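Presented below is the structure to which this report refers.
The values are calculated or read from the model by the stated rules, or taken from the named source; none is laboratory data. None of the values given here were measured: they were computed from a predicted structure. A quick note on method: Cβ atoms are made from the backbone with ideal geometry, for glycine too, and the neighbour counts reach across all protein chains shown.
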Amino acid sequence: MNNGRWTRTLWLVALAVGGAGCGGATSTTEAGGGRGGGSDCASYQLEVERHWNAETRAGLRARITRRDDEVGSAEGEVGWSESVVEQVTTQMDRTSEDWVRMREQLCLDREHDRIDAATYATRTECLDGWLRDLRAAIQVAEAEGTTEEQLSEAFSAVFDDDC
């Protein structure tokens, strides 16, 4: 069996079944909550946008989309269909939005003494780990010679984090 195809299949199944890492966690923030009032807790969107934004989304799409005019590609070379690329970028958008909501809520919970310092530190470490995984996945995607398997592994790390 084609190992790259197998990896991609497993990765897509995990995406479809499990949602994505941070998306599985719950947050008490209402939609749009925690984003005002002058709190320091409102800046996390900017943190994600440093790494996942319109420019990186477009670059990723261009890098991993297989063009219809391509006859074939070398074994393992990156080249996903438009629908797969759309699933990946949509999931990245959702996961990033979830991360922002959870990070803001965590900050507000600590700010209002709803959680203790140890819990805050543990959850912050997990969420910050997700952001490191996001940066690493984008670097892998941008690197020349990245294979489909490497890309699948990198994004699986992002989507597998469960804070």
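In the stretch 113-139, the residue that is farthest from residue 86 (Cα to Cα) out of those that are over 13 Å from the mean Cα position of the chain (by Cα) and among the β-branched types (Val, Ile, Thr) is 115. Cβ-Cβ contacts under 9 Å between residues 6 or more apart (or on different chains), taken from a first residue in the stretch 37-59 that is farther than 19 Å from residue 130 by Cα to a second residue that is at pLDDT below 90 and of a type in the set (A, V, I, L, M, F, W, C), are listed as 59/138; 59/141. I need the helices (runs of 4 or more DSSP H) fully contained in the stretch 28-138, keeping only those with at least 1 residues that are modelled with pLDDT of 95 or more, surrounded by 12 or more Cβ atoms within 10 Å (Cβ to Cβ) and in contact with a helix residue (DSSP H, G or I) (Cβ under 8 Å, 6 or more places away or on another chain). Correct list: 82-111.
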